[in-house]
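Just so it is clear, none of the values below were taken in a lab; they were calculated from the coordinates. Bear in mind the structure is a predicted one, so any value in this text is a computation, not a measurement. Using ideal geometry, Cβ is built from the backbone for each residue, glycine included, and neighbour counts are taken over all protein chains shown.
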Amino acid sequence: MPFNVKDIQVNLEDLENDLFVEKNVSIAIKDSYLPIRCNVYRPLATLNGTKAPVIMTYGPYGKDIPYRDFHPSSFAELNPDQRSCYSAWETPDPVYWTSQGYVVVRVDERGAGQSPGMLDTMSSETCDAFCQAIEWAADQSWSTGRVGLLGISYYAGTQWRAAARAPRGLTCIIPWEGMSDYYRDRCRHGGILSNQFIRFWWNRQVDTNQYGRPGRAASKWGEDTIEGSLSPAELQRNRRDQTKDNEEHCYRDDPYYASRDFKLEDIKVPLLSVANWGGISLHLRGNVLGYMHASSRFKYLRFIVGRHDLPFYYKEEVEMQQSFLDAWLKGEDRVGWTRPGAVAPVSLLLRKGNVGYNNATAEKLFMRRDELEWPIARTQYQKFHLATDHKMSLTKPIFSSSSKISYEANGSIKNPQLVQFSSDPFEQEVEITGHPLAHLSVSISAAGSSTTQPHEMDLFVTLRHFDPQGKEILYTGTVGDPVPITKGWLRCSLRKIRGNHPKQREYLPHREYFSTDCDTLVCDQIYEVDVEIWPTNVVMEIGDRLVFEISSGDTEGSGLFLHDSPIDRSSDKLSGINHICFGPDTENYIQLPIIPKKSD
């Protein structure tokens with residue numbers, strides 16, 4: 001790391017857009033001679049002493065990489081009112097927000113862009129730097145002292161962590177499609193490594209923007225580092241590679257994961273958590289559980305659909321964001337966010353009908369409904385029992401003898417190994433909204449003669465929706481890909497449930513995923529396991545069918561989120577035959593959250 005840290009700040013008065021830009025502003029960090037750097041976008045009025053509240057983002061994607069270069073096709077689809085030369089991926093547009101009386105502060109995370117230091121995303125150290133940046137913004141002469149956080153995905157995930165530390169000046173947050181649990185939501189679904197997305201994300205969006213990386217300007221990927229380029233050896237020393245760290249560390253009590261943990265209960269600032277029903281492998285769970293467990297007196301949960309990049313900028317969503325920020329940062333509450341009971345805590349979007357996927361216009365047909373809580377208090381949890389004829393129904397089957405349905409272990413997207421169970425056509429409209437749960441009785445038979453060797457079983461479960469003609473109804477996934485209703489996962493050696501934990505629910509098993517919980521399987525022994533399935537919503541119409549799928553690897557509708565690490569899912573651990581076991585002493589069912597219609 002260069003010791004001669006430069007301080008080259010560039011100021012620009014943009015009369016056309018009525019804003020003042022300060023680039024590469026250095027923020028001093030305690031216990032470090034290395035600053036972090038930000039761009040500050042201010043209304044011109046602040047040059048004359050006017051103070052304004054602050055909207056801040058902090059992340060590794062590059063404060064200086066234009067949105068149009070980061071993702072050209074997405075930029076071309078943006079709402080024109082939210083598109084400018086200052087736009088950056090997944091962050092608020094400075095031209096719009098300064099015109100509404102806000103200062104926008106966009107910070108390069110430590111070790112990324114123009115911020116020197118160790119690149120260690122989502123670490124405790126980088127979160128501490130973010131909190132110091134928030135306090136810095138609150139203290140500036142142009143600031144009212146009130147700071148709000150607004151951003152998508154990574155720029156939402158950092159919000160939960162910062163809010164839990166309660167930095168001075170932080171007034172409210174809008175984590176928009178942002179995971180709150182690093183281990184469970186993002187890295188290891190049910191204990192299984194989600195390696196392909198992490199690799200894609202790291203190699204395309206983070207490693208390419210490391211502080212000191214040469215050639216960024218030439219490749220239109222931001223600007224070259226102020227202090228100059230680092231050598232390959234220096235770059236390697238100054239980063240923690242997530243693709244390696246997540247593969248090497250398996251359990252939540254490993255120091256790597258433990259250092260990233262925090263308590264949602266420590267969050268007390270007002271929050272608006274925005275969850276996307278289609279984000280079934282990345283952010284959805286974190287937005288829902290973040291809302292459930294935060295201690296904020298004023299907290300709201302809003303569900304949306306569509307891709308993860310565009311809805312944030314829709315006119316109606318920006319108006320909603322602004323009304324929330326105006327209420328808490330300016331004291332201008334037009335909607336009732338600051339008045340208990342004036343705004344419904346939960347705003348649902350009901351997925352009814354087949355509108356296709358990646359079609360924003362068609363998705364506007366989905367109706368919105370307000371609720372007073374999550375999960376919905378009137379939920380009726382109904383068990384759809386699985387039978388050996390591959391049917392699922394509310395009637396519990398009676399077995400006079402034991403039997404199995406079998407499939408090969410260690411399946412993959414290229415070699416799917418699965419079993420499906422179908423409901424009868426629905427005879428009336430049924431709404432499913434909440435947290436499904438699968439209870440399965442499973443066993444494994446070894447391949448070859450290794451019957452005494454401890455074995456592993458990975459369970460991948462999927463809930464699918466079929467219309468009366470037998471065609472699957474698909475929904476919009478994170479990147480516009482077709483996805484099923486929802487998914488769930490479990491590494492069976494980590495099946496242990498903490499039944500006395502405060503977060504344990506009948507619909508949501510609580511697991512710690514500690515190394516001390518690991519208990520591998522013995523061949524031909526039956527184990528009863530509960531598989532957490534991510535929260536969902538779907539309205540089944542007359543004639544529709546539900547299909548519940550159990551597999552030993554990723555299946556159709558997984559998109560970027562594949563679990564195929566040859567280290568995490570090696571043939572040494574995962575081999576032989578998986579069985580779903582039926583008999584007088586076993587149960588197999590999927591428990592669905594059914595919402596009865598409100599009485600008139």
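Couple of notes before you dig in:
- Put in line by how crowded their Cβ is, counting other Cβ atoms within 10 Å and starting with the fewest, Tyr475, Tyr300, Tyr183 read Tyr300, Tyr183, Tyr475.
- Cα-centred dipole magnitude for the chain, charges only on beta-carbon of K, R (+1) and D, E (-1), debye, nearest 20: 720
- When the Cα positions of Gln504, Val461, Gln114 are compared along the charge dipole of the chain, Gln504 comes out farthest toward the positive end, with charges on each C-beta of Lys, Arg, Asp and Glu.
- Spacing of the two label points (7 Å from each Cα toward its C-beta) at Asp519 and Gln469, in nm: 5.0
- When each of Lys315/Lys383; Lys244/Lys496; Lys396/Lys573; Lys487/Lys573 is checked by Cα-Cα distance, pairs over 29 Å: Lys315/Lys383; Lys396/Lys573
- Charge dipole magnitude, Cβ of K and R +1, D and E -1 - region 490-567, Cα centre, debye nearest 20: 380
- By the helix-only formula, in which each DSSP H run with n ≥ 4 contributes -39500 (n - 2.57) and the sum is divided by residues, the chain has a 222 nm mean residue ellipticity of -4000 deg cm²/dmol.
- Asp389, Asp458, Asp128 arranged by Cβ crowding within 10 Å, fewest neighbours leading: Asp389, Asp128, Asp458
- Rounded FRET efficiency, nearest 0.05, which uses the C-beta distance separating Asp585 from Ser445 and R0 of 25 Å: 0.85
- Lys391, Lys63 arranged by Cβ crowding within 10 Å, fewest neighbours leading: Lys391, Lys63
- Over every Cα atom in the chain, the radius of gyration and the widest Cα-Cα span, Dmax, amount to 24.8, 84 Å.
- Packing rank of 346-354, 580-588, where each peptide gets the mean count of other beta carbons within 10 Å, highest leading: 346-354, 580-588
- Inter-part distance where region 148-182 and region 242-280 are each reduced to a Cα centre, Å: 12
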